[in-house]
1. The conditions are (1) over 29 Å from residue 66 (Cα atoms); (2) more than 24 Å from the chain's Cα centre (by Cα); (3) among the small types (Gly, Ala, Ser), and residue 212 fails exactly one of them. Which is it?
2. Which one of 304, 259, 338, 271 is surrounded by 24 or more Cβ atoms within 10 Å (Cβ to Cβ), away from the ligand (no atom under 16 Å from the Cβ) and among the hydroxyl-bearing types (Ser, Thr, Tyr)?
3. Select, from 234, 166, 174, 149, the only residue that is small (Gly, Ala, Ser) and away from the ligand (no atom under 14 Å from the Cβ).
4. Answer yes if at least one residue in the range 31-54 is closer than 19 Å to residue 297 by Cβ, among the charged types (D, E, K, R) and touching a strand residue (DSSP E or B) at 6+ places or on another chain (Cβ under 6 Å), and no otherwise.
5. Going by the structure shown, is residue 289 surrounded by 18 or more Cβ atoms within 10 Å (Cβ to Cβ) and either within 19 Å of the chain's Cα centre (by Cα) or away from the ligand (no atom under 16 Å from the Cβ) (or both)?
6. For the range 154-208, enumerate the residues that are surrounded by fewer than 17 Cβ atoms within 10 Å (Cβ to Cβ), touching a Ser or Thr at 6+ places or on another chain (Cβ under 9 Å) and part of a loop (DSSP other than H, G, I, E, B).
7. Taking the residues in the range 255-264 that are in contact (Cβ under 8 Å) with a residue 60 or more places away in the chain and more than 23 Å from the chain's Cα centre (by Cα) as candidates, determine which candidate is nearest to residue 194 (Cα to Cα).
8. With the condition kept exactly as written, say whether any residue in the range 217-231 is part of a strand (DSSP E or B) and surrounded by 13 or more Cβ atoms within 10 Å (Cβ to Cβ).
Amino acid sequence: MSSPRPITLPTNIGVRIAGVGAALPDKVLTNFDLEKLMDTSDEWIVQRTGIRERRVHEPEKGQTASYHGARALDAALKDASLTIDDLDLLVVATMTPEMPTPSVSSLMADHLGAGAIGAFDICAGCCGFVFSMNVAHDLIKTGRYKNVGVIGSDCLTKFADYSTYGRSTAILFGDAAAGVVLQATDNPSQGLLAQAMHSDGGRAKHLFIPVAKTDFFEQDDYDERKLGAVQMNGPAVFKFAVTTFPNLIEETLTKAGLSADDVDHFVCHQSNARILAAARDRFGLPEDKLLINIDHYGNTVAASVPLVLDELKKAGRVHEGQKIMFLAFGAGLTWGSSLWQL
Ligand code: UT7
């Protein structure tokens, strides 16, 4: 294989987060609702996860990942004072497309009348949005694209088993879409300061959705009731997360030559309030530097990170000049970060 030709990237291009938007299904599923479906309690769920309620999509009303994704993109475009005609590329992070093909991004672009712009999906579990930010940033940095939509949209509750058999996993998830519009600027100091993208398929068996008997990693695990339902080894993923999260923060800070004090917001994947609180303690972060909103939404997979950003933006807490670190981990197993100079 010949070596890739060296390329010189234009150094005079910066990348800014021009707009942020989110879309949530109206239907709320509380812990008390779950008590009626399975042997669980509000107390158990709050103590172990911090979740009180989550939103769930209603497929019979045509609500899908592309439906909510299009609403989130529309909101992000409005926030950026742009229209769909200004967009020249759409990247969507999802692991719950309507079907294997077409992509959620193609359907979303059509819902909004985007014309023939480039659109593709990235599937990296809960890391999808963070990985997509890194990819989209570099596409803009080359000078090839100007306004790129980056949306995380997932409806994972369609794979939730709301019986006592599936209770340890089903209680965690909610549905949402959220994301940003990234834009080229003439200020090269804006954009990525550092990033990381990792995966370890050797641990894929800890979080997967089997649809056929042959999908099981260990045949002993097979049970027909697991087909079409999210399977997670909760304790294994919990252990992975509490060690990976701080290491990822450390890795990203080191790459950027910064300390935790230099970062204004750690915008983290919301998978369990205890995992986030542990990371906060490890770096001695004040509560307002690492927002936890899992109580209202549960784990919304690829939408979880931008949903936190949207909440911060709406609260008037995101400003040019700040540094924001996006962090996620999830199925794959995957883990990754994206540290931005706004
Ligand atoms: O984005 C994806 C990343 N995912 C995550 O980060 C998830 C990481 N893992 C976790 O957050 C936790 O492992 C869970 C919240 C999923 C589970 O908490 P846990 O403390 O690890 O519970 P466990 O699975 O070890 O189960 C403890 C007990 C068991 O009962 P016994 O065997 O001790 O009698 C379970 O049957 O809790 C029981 N249990 C429940 N009880 C009431 C499990 N789920 C429930 C439930 N309600 N929903």
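1. That leaves (1) as the condition not met.
2. Testing whether each residue is surrounded by 24 or more Cβ atoms within 10 Å (Cβ to Cβ), away from the ligand (no atom under 16 Å from the Cβ) and among the hydroxyl-bearing types (Ser, Thr, Tyr) leaves just 338.
3. The unique qualifying residue is 149.
4. Scanning the range 31-54, I find at least one residue that is closer than 19 Å to residue 297 by Cβ, among the charged types (D, E, K, R) and touching a strand residue (DSSP E or B) at 6+ places or on another chain (Cβ under 6 Å), so the answer is yes.
5. So residue 289 does not fit the description; no.
6. 188, 200
7. 258
8. First pass over the range 217-231, keeping only residues part of a strand (DSSP E or B): 231.
From what's left, surrounded by 13 or more Cβ atoms within 10 Å (Cβ to Cβ): 231.
Yes, the conditions are met somewhere in the range 217-231.
Read the figures in this text as sums done on the coordinates, not as results from a lab. Being a predicted model, the structure only gives us computed values, none of them experimental. Every residue, glycine among them, receives a Cβ derived from its backbone with ideal geometry; neighbour counts consider all protein chains shown.
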